[in-house]
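Structure, as structure tokens:
What follows draws every value from the coordinates through simple rules; no lab data is involved. Being a predicted model, the structure only gives us computed values, none of them experimental. Note: ideal-geometry Cβ built from the backbone for every residue, glycine included; neighbour counts use all protein chains shown.
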Amino acid sequence: LKSPFWYEDHIKVITGKNATVLNIIKGLMWLDSMEDEDDISLVFFSTHGNSIPKDIPPKDEADGKDEILVSYWGLAIPYANILDDTLNYFLNRLESKGIAVIIDCCHAGGFNDTPRNIKSTRLPVEYPKIKNNMENLELMENFGKEISNKGRVVIMSCREDEVGYVRTFSPY
């Protein structure tokens, strides 16, 4: 990939058959080895997402379900997926002064796990019905408190209990 703004060796793209669990984890480890406290890191996932009917330790899900990012083989092999806790683990290893995470998949809102080194109050399982802008603002403020950590910004294409029929960010 060529860009006038970034060095080519600072960009890693994992697509298609290469998007296995092992390669995705290796990619996150590569990012960890390349970045430091002077960097801003961007992690972008565009894949299928889902939830599983249990909360695998650490028990941190208000609804009792972990979310998954589906790897290339994930639809054929149920355990070939990335748990939200696994993603959070690798994001917490980054020292970057800023981290932007974009998750473009169904159930993306479930990837808001609190970093392990801060306290948080989780949003209720069923999000409140938004009747006016004030309730919307309160929801966003509470949500923002939950996912904040060392300059981390997380953008998700839909809520935890929603499916994303159209890719929201991928075309851009």
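Summary table
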{"quantity": "Stretch gain in nm, segment I25-R159, where the contour uses 0.36 nm per residue and the Cα spacing is subtracted", "calculated": "45.8 nm"}
{"quantity": "Spatially close lysines, pair count over the stretch 1-84: Cα under 25 Å, gap of eight or more or interchain", "calculated": "6"}
{"quantity": "Fully extended contour minus Cα-Cα distance, from A80 to I40, at 0.36 nm per residue", "calculated": "11.5 nm"}
{"quantity": "Mean Cβ count within 10 Å, highest first, over the residues of peptides 49-58, 96-105, 154-163", "calculated": "96-105, 154-163, 49-58"}
